[in-house]
1. For segment B:270-292, how many residues are touching a residue at least 40 places away in the same chain (Cβ under 8 Å) and in a helix (DSSP H, G or I)?
2. Regarding segment C:236-252, can at least one residue be identified that is more than 22 Å from residue A:271 (Cα to Cα) and surrounded by fewer than 23 Cβ atoms within 10 Å (Cβ to Cβ)?
3. Report whether or not residue B:255 is farther than 30 Å from residue B:105 by Cβ and more than 14 Å from chain C (Cβ to nearest Cβ).
4. Does segment B:23-44 include one or more residues that are more than 14 Å from chain A (Cβ to nearest Cβ) and assigned to a strand (DSSP E or B)?
5. Going through segment C:77-105 one residue at a time, which ones are facing chain B (nearest Cβ under 8 Å) and buried (at least 17 other Cβ atoms within 10 Å of the Cβ)?
6. Identify, from the list A:199, A:187, A:243, the residue that is within 9 Å of another protein chain (Cβ to nearest Cβ), touching a residue at least 12 places away in the same chain (Cβ under 8 Å), over 17 Å from residue C:190 (Cβ atoms) and crowded, with 22+ Cβ neighbours inside 10 Å.
7. Search segment A:256-280 for residues being surrounded by fewer than 23 Cβ atoms within 10 Å (Cβ to Cβ) and under 20 Å from residue A:48 (Cα atoms), and hand back the single one that is farthest from the other protein chains (Cβ to nearest Cβ).
8. Restricting attention to segment B:193-216, does a residue exist that is more than 30 Å from residue C:56 (Cα to Cα) and in contact with a helix residue (DSSP H, G or I) (Cβ under 9 Å, 6 or more places away or on another chain)?
């Protein structure tokens with residue numbers, strides 16, 4: 001009964017009610033993560049990456065959020081229809097998450113060991129509220145998990161409090177926690193952003209190696225295109241709650257099609273030097289009065305009349321390469 | 001100059017923004033969040049109701065003359081009824097009227113005590129938090145000493161050393177109360193002074209006084225508002241406590257604490273003499289606390305010591 | 001070559017860590033240790049490094065936000081190490097700063113106008129309120145924002161717009177030198193591109209010198225004429241940017257360049273081979289002896305842990321502090 005895709009998001013809309021009115025944050029996004037596939041979700045601040053992730057993990061607060069339309073199929077089950085208990089069960093075992101800030105994800109008043117034991121015990125159906133069982137099996141698994149993320153002296157780490165560890169070590173602990181129960185799907189939200197360049201590079205290398213050898217499906221959410229390039233196979237570019245483009249990762253960097261992807265890529269400063277482009281004119285829209293049709297149209301250099309009237313579907317331009325832009329429509333958008 | 005569209009608002013770039021509009025927007029947002037929080041709305045309504053009743057006491061009470069030294073021996077110790085909602089006391093005065101006038105005294109106490117202690121405490125807190133080193137040590141250790149004295153005990157000492165009056169009680173409480181505000185503001189100042197906007201003001205050469213009052217103080221405002229609201233309840237409680245012990249409001253002035261203390265002598269038979277003033281205090285303090293909690297949520301205040 | 005605008009010599013900044021009731025000094029954070037460099041008028045000089053390298057502390061110490069523990073700072077030939085009343089006045093007009101996070105560098109309780117006016121009031125630039133308002137409008141136009149934005153509060157602006165306001169504040173006194181402390185690291189790339197272009201336009205128009213502090217090497221490549229690499233409070237390599245990227249000598253510089261996530265094939269080709277870099281960045285409270293990088297360096301020799309190498313000019317303008325390079 002395994003579903004072909006690990007994660008399938010179909011035409012997801014998420015709105016928020018607030019002081020200014022209703023913010024239409026996600027405007028019909030569709031996204032797939034195949035089994036064993038490493039997928040990137042790239043976008044800038046406020047494009048809806050985090051809301052997407054929260055919806056997938058079932059932690060969206062409803063209300064103020066609303067999901068008027070759409071489905072999120074995680075491992076064959078619709079997240080939006082799951083009970084809290086079911087959700088917790090799959091989150092603890094089959095799905096894992098790595099967060100941006102390792103400090104916020106660890107509880108500062110418990111030792112690393114206790115938190116890691118809890119994660120292991122949870123998967124064994126033990127809620128951990130009873131008396132503490134320090135089975136050697138749990139201990140051994142914890143040690144193995146820490147060794148796997150190459151933390152030196154795992155015995156000492158188990159007895160440390162999160163504050164005694166450096167940022168890089170904390171992130172390694174979180175990776176160990178995320179992988180200890182052998183999940184089949186991992187969501188990583190900017191796992192290197194809070195870390196220094198050299199430390200972040202180490203973490204990314206480690207993470208890519210581990211998921212590759214274990215065949216875990218990954219959704220990596222980040223604003224850093226370099227990270228996307230170095231760790232993913234396929235990428236979705238998101239703009240203002242719409243998917244602009246999806247393509248195998250190397251293609252995006254050689255041959256971006258959507259005007260937004262092009263503008264974004266031209267803004268990235270290069271190690272080889274040279275001028276960077278002027279960026280993209282305008283600013284990210286206010287979601288309460290989001291532009292009609294293609295939300296990028298007010299900032300687009302190639303804007304046509306249809307762009308403001310209808311939201312473009314995903315047009316195939318090459319195998320596996322879809323662009324949500326009327327420029328690539330059959331009639332070139334003449335309708 | 002070349003036009004850079006990045007700077008212009010997306011839609012309707014013709015919109016002129018005025019300071020009035022910006023102000024209205026701020027108020028609008030605040031009111032929106034306040035309105036959505038049933039706790040603060042309830043607390044705010046309770047406090048507002050009491051304040052209105054107290055201000056309009058001579059007009060809304062059925063027997064305004066009963067607020068003072070009035071006697072009507074034909075109707076002493078009457079149980080609550082349609083004409084006397086809260087009953088009458090040992091000299092025939094309407095308890096409801098006296099409770100409403102008692103609110104006047106209680107609120108006055110809160111206003112005077114906080115009016116004296118808050119500015120003093122805030123100023124010392126700003127100075128202590130901003131200038132670290134010896135100044136901070138002196139101010140904070142002095143604060144600690146004062147903190148070690150419970151306000152009620154201090155007030156008892158002062159009031160019993162002289163003839164007890166409500167004014168002296170207020171002064172006594174105020175002389176202790178500033179310490180809380182000093183500690184709170186010092187803590188906030190210590191964290192705000194490391195913010196980059198303070199360093200930015202230092203970099204352009206602003207004076208210490210300008211930084212303290214233009215950069216740091218406005219950023220304490222939310223926390224201060226919450227603290228003052230919560231404090232108002234506590235000050236009223238202390239005031240009532242003093243009156244109960246006979247060191248605050250002196251008869252025939254109606255004080256809620258005084259009324260409870262008199263009523264206690266007639267318990268349990270003449271229960272209304274105690275119960276209604278007690279409920280009145282309870283209602284007002286609950287109102288202030290709910291309002292304070294609501295404000296805290298609304299203004300996102302996370303500070304130590306509130 | 002003309003006289004340097006700013007000369008920093010042996011700058012030291014240590015922060016005491018105090019504890020206990022008597023605030024006794026128990027340790028020191030050695031944030032900046034004997035840093036020397038100079039910046040010419042109209043130049044973009046950059047300091048790169050990771051957290052704990054002391055790069056921001058250098059910037060803030062230069063502008064008198066922190067008091068230097070030791071060393072001298074000369075600006076236009078005047079000693080501005082300790083800001084006495086009269087040279088503080090002169091120096092604060094000439095040297096300004098743009099901070100990293102525009103969220104925290106603008107006071108959330110002040111309108112944009114109030115923030116920008118502060119400089120004009122403190123230095124008594126304008127005669128009256130109306131003139132000030134006109135000047136604030138002019139400043140906003142200079143950073144390509146509509147003048148009526150002065151009535152807004154920081155929370156109503158986007159990150160890029162806030163950073164423009166912060167730049168306008170730095171420009172208010174028409175300085176000849178600006179310290180840019182990671183001015184775009186909190187921004188998205190497309191916004192960063194716009195801010196960077198704005199900064200370059202302003203620099204060209206007003207002949208200002210920038211000290212650009214950053215951890216983003218790719219960005220420095222496009223911005224700076226000379227780059228210095230800092231690690232745990234010291235400069236370990238300093239060279240013209242072009243030279244530093246094409247011919248890095250110090251092992252840490254190589255590691256740093258190789259760790260940058262890149263987007264194109266050309267970039268990948270120019271990256272030095274990825275060095276397996278073990279370990280974490282040590283704490284500046286208790287940095288390793290000798291060359292501070294030695295515990296993480298793959299080419300470490302015995303001398304590295306015993307003796308701090310000197311900063312040696314190996315090619316014209318290319319300085320490096322490494323036993324492995326200078327002894328070879």
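The values are calculated or read from the model by the stated rules, or taken from the named source; none is laboratory data. Predicted model only: the values in this text are computed from it and were never measured. So basically every Cβ, Gly included, is an ideal-geometry build from the backbone, and we count neighbours across all protein chains shown.
1. 16
2. no
3. no
4. No - not one qualifying residue is present in segment B:23-44.
5. Residues satisfying the conditions are C:92, C:96, C:97, C:99, C:100, C:101, C:104, C:105.
6. So the residue among A:199, A:187, A:243 that is within 9 Å of another protein chain (Cβ to nearest Cβ), touching a residue at least 12 places away in the same chain (Cβ under 8 Å), over 17 Å from residue C:190 (Cβ atoms) and crowded, with 22+ Cβ neighbours inside 10 Å is A:199.
7. Here the answer is A:262.
8. Looking through segment B:193-216, none of the residues is more than 30 Å from residue C:56 (Cα to Cα) and in contact with a helix residue (DSSP H, G or I) (Cβ under 9 Å, 6 or more places away or on another chain).
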